[in-house]
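These notes concern the structure reproduced below.
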Amino acid sequence: MNMPTNGSLTAQRWFNEMYDESGAPREHYAAFANWLGSKPVEFMLQKQKEADTLYARQGITFAVYGDDTGVERSIPFDIIPRIMRPGAWKALSDGCCQRVRALNAFLKDIYHGQEIIKAGIIPEQQVLGNILFRPEMRGVHVPADVYVHVAGIDIVKVERDTFYVLEDNLRTPSGVSYMLENRKMMMRLFPDLFSRIPIAPVDHYADVLLDNLRAVAPAGVSNPTVAVLTPGSYNSAYFEHAFLAQQMGVELVEGLDLFVADNYVYMRTTHGPQRVDVIYRRVDDDFLDPLAFREDSVVGVPGLFGAYRAGRVTLANAIGSGVADDKSTYVYVPDMIRFYLGEEPILQNVPTYQLGKPDDLKYVLAHLPELVVKEVQGSGGYGMLVGPASTRAEIDAYRERILASPAAFIAQPTLALSTCPTYVQSGIAPRHVDLRPYVLSGRAVSLVPGGLTRVALREGSLVVNSSQGGGTKDTWVLEA
Amino acid sequence: MLARAANNLYWMSRHIERAENTARMLDVTYRMSLLPYRVLEAGQEWADPWALPLVITGRATAYYELYPEITPNNMLHFMVLDPSNPSSIYSCIQAARENARSVRGAITSEMYEDLNQLWLDMRNVDYPHVESRGISEFFDWVKLQSHQFRGVTFGTMLRDEGYQFIRLGTFMERADNTARIVDVKYHTLLPSAADVGGAVDYYQWSALLRSVSAFDSYRKVYRDVITPMKVAELLILRDDVPRSLHACMNDIYEILRNLSDDTQLEAERMAGELHAKLHYGRTQQIFDVGLHEYLMDFLDGIGNLASEINRDFLVPVYPRPGATQTQTQSSYLA
């Protein structure tokens, strides 16, 4: 395990996206800063309020699990954008595409020849012993060999042009609707900004997604029917499922709307059954088909896996892609890039301790107050320990959890996430941000210029997840 | 389109229409309760107008489980704000918004925003709010919201199948409600033959006409005193009065013919039959049968048609090999 020697990784002086050390706006923020400076404070506060009202009226909401106060909440939106230079975006974008190509090759490999295991690059146990590995998928052919049709790559920045990949989300990554809605909101609130500043558009995302989904239809289907499968309106990301279906102009279906006959999938329509060829599913593997996976699933479609295996329907993302986004697999991604693509990784991984390794475990237990510890299969910011922000008692309690099952955890240094000025109660103050761009595959690997910038609204907090009180910002990639 | 989506669109508009009609019905009740003709001569006391909404909606049993007696206050609570009463305006708006949320991809964002804002506003309504705003003003607000939603729908939505199901829901609900409101006269409004044509009778009929926004139409069409025969003709047989049974059946029949394509479905036939009775009906026949009996027969017909629409379009059953599933909505993802 390599320890970070780079002091800036954990430096206490955070990189501010908008202002340099002297307090002057950075070059790519100059036009915005100029504009902002010309606006009275009351005007901006009024606009912030307007944004909050509009989001509530539009019902752009997410649900928080374990919170009894209400089913839906609006996600806090901040009106100061996060702006990226074209050059920085190019490297980031290339790096994300490279990563997704490698992860896709990895998934194809482990469900077929398993060359990477034979080559000794990844331990067999790491793959085959992973509960997200789906033995049922071995030897199953998927159209165009695409497993990861939609990937959300979480990226943090610690200083100018130094990006780290925090994690890969390859199962049902969410949040892209906020990327699109945030842009729409900014254009509505500040139309003049868009005529002054050359901001790359993102709103063709749904077209690109649909094009990719149609490209991976089962062989022989010339005019495929695409549908979005949602667990239903009580799911935390339901708004997004409905939004994407609407933007693509395809049906939003629940499990009960579908049935399988003779290995074909049909929707129940007002004019009888209609064939479905490609399903962009936002339901986890476990719940897709009660006959093949969890029997108690009420949101799946009995027989769906059979139709999938028979090549009569395409699922995006493929079943079994979770094994590649597990936090314990993450550490091998740079090696995958070298192995499958013969390239050097463009984006770096955060140095990661695997607590299943005795040396790493020993080091981590001795340095818990400095580290971030995560469950390898966790997501959404649940169940993690942020050492510097935790009490002694919390750390001790977490230590017990680690000791009970060390291999279920990884640890990383507490990163000095960059900050971006953000409206808070006391005025404008720097808050930590990350970035999730969405990589689409099918016809080609690509991404629209932008992503979801998440911001930790609590002072000093490094946890940006919306389920943990995070907010979002519009992300601007400036056109070259 | 998806049968479930069609079902949600149909019920979305039924619920909004029901909220509007409940407001109309309560408004006429409120206005009648202000009339100075409550008690006539001895032995001819007629029913408290505040009992009417219970008779019309068939919610009397549920009401008496919650409240010991009929008072304006209790009735307004029950019919406007009570979440446990599925016919209350609150419940209807909540249900309409839930229906819309389940199919928000099938409607325009303007429609969803309009309905969502209505729900957000309705959630903040309490009794003091209704009272301080003025009871009739509150009902006007509800009616206006329904008009507005219909307008947003009309002005923004693609004329696709979903649009047809939305209209179908509106007219099915409206036909049902108009028939019930006209029938009110049977229950309470005619104390004795002597009163027919008297001042009480006039106020009652005119309140009823106003409740379905047909008072001015009556004046325009007949330029005459208000008589039961003419009111029945106006609200049942004339197809140029937008809330009349005939007008509703014109639309329902046409929509079902469009939805049926070439296959003749039972729902289309049933609608045709109901429509023909109105299209070729005469006022005298209605009164020969008896207005109440005629309306009861119509309500049966509309009820049967609603069941058939379910079978033909909204909850179709196909042969399904493999496992069966229970219908439940859940949030299971962590």
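Details
- When A:LYS157 is tested against (1) of a type outside the set (Phe, Trp, Tyr); (2) within 12 Å of another protein chain (Cβ to nearest Cβ); (3) surrounded by 22 or more Cβ atoms within 10 Å (Cβ to Cβ), only condition (2) is not met.
- Selection count, segment B:97-117, where residues are under 10 Å from B:LEU9 (Cα atoms) and hydrophobic (A, V, I, L, M, F, W, C): 4
- Members of segment B:90-109 found to be free of Cβ contacts under 8 Å to residues at least 60 places away in the same chain and more than 10 Å from every other protein chain (Cβ to nearest Cβ), listed by number: B:TYR90, B:SER91, B:GLN94
- Single residue of B:ILE70, B:ILE56 found to be away from chain A (no Cβ under 14 Å) and free of Cβ contacts under 8 Å to residues at least 60 places away in the same chain: B:ILE70
- Test: residue in segment A:395-405 that is in contact with a Pro (Cβ under 9 Å, 6 or more places away or on another chain) and either assigned to a loop (DSSP other than H, G, I, E, B) or farther than 25 Å from A:GLY471 by Cβ (or both): yes
- So A:ALA11, is it modelled with pLDDT under 85 and of a type in the set (A, V, I, L, M): yes
- Residue in segment A:418-431 that is closer than 19 Å to A:TYR363 by Cα and among the polar types (S, T, N, Q) present: no
- Entirely in segment A:189-296, the strands (runs of 3 or more DSSP E) that have 1 or more residues that are within 13 Å of another protein chain (Cβ to nearest Cβ), within 27 Å of B:PHE313 (Cβ to Cβ) and among the aromatic types (Phe, Trp, Tyr): A:258-261, A:264-269, A:278-281
- Look at segment A:314-327: where a residue is at positive phi and a partner is among the hydrophobic types (A, V, I, L, M, F, W, C), sitting 6+ places away or on another chain with Cβ atoms under 8 Å, you get A:GLY320/A:LEU107; A:GLY320/A:LEU132; A:GLY320/A:PHE133; A:GLY320/A:MET137.
- Residues located in segment A:267-317, provided they are surrounded by fewer than 21 Cβ atoms within 10 Å (Cβ to Cβ), of a type in the set (S, T, N, Q) and in contact with a Ser or Thr (Cβ under 9 Å, 6 or more places away or on another chain): A:GLN274
- Members of segment A:73-110 found to be touching a Gly at 6+ places or on another chain (Cβ under 6 Å) and surrounded by fewer than 21 Cβ atoms within 10 Å (Cβ to Cβ), listed by number: A:PRO76
- Selection within segment B:3-29 - of a type in the set (A, V, I, L, M) and either without any contact (Cβ under 8 Å) to a residue 24 or more places away in the chain or more than 10 Å from chain A (Cβ to nearest Cβ) (or both): B:LEU9, B:MET12, B:ILE16, B:ALA19, B:ALA23, B:MET25, B:LEU26, B:VAL28
- Being buried (at least 17 other Cβ atoms within 10 Å of the Cβ), out of contact with any strand residue (DSSP E or B) (no Cβ under 7 Å at 6 or more places or on another chain) and not in a loop (DSSP other than H, G, I, E, B) is a condition met by no residue of segment A:373-393.
- Single residue of A:ALA227, A:ALA151, A:ALA217, A:ALA242 found to be surrounded by fewer than 22 Cβ atoms within 10 Å (Cβ to Cβ) and either among the small types (Gly, Ala, Ser) or touching a strand residue (DSSP E or B) at 6+ places or on another chain (Cβ under 6 Å) (or both): A:ALA217
- A:TYR234 being aromatic (Phe, Trp, Tyr), surrounded by fewer than 22 Cβ atoms within 10 Å (Cβ to Cβ) and touching a residue at least 40 places away in the same chain (Cβ under 8 Å): yes
- For A:ARG443, the criteria (1) surrounded by fewer than 23 Cβ atoms within 10 Å (Cβ to Cβ); (2) under 30 Å from A:ALA31 (Cα atoms) hold in every case but one, which is (2).
- Pairs are defined by a Cβ separation below 7 Å, a sequence spacing of at least 6 or placement on different chains, a first member in segment B:245-261 that is more than 14 Å from every other protein chain (Cβ to nearest Cβ), and a second member that is acidic (Asp, Glu); the pairs so defined are B:HIS246/B:ASP239; B:ALA247/B:ASP239; B:ASN250/B:ASP239; B:ARG257/B:GLU268.
- In segment B:190-289, counting only helices (runs of 4 or more DSSP H) that sit wholly within it, the ones holding 2 or more residues that are at pLDDT 95 or above and within 24 Å of the chain's Cα centre (by Cα) span B:245-259, B:266-279.
The values are calculated or read from the model by the stated rules, or taken from the named source; none is laboratory data. Since the structure is predicted, the reported quantities are computational estimates derived from the model, not experimental observations. Virtual Cβ from ideal backbone geometry, glycine too; neighbours counted across all protein chains shown.
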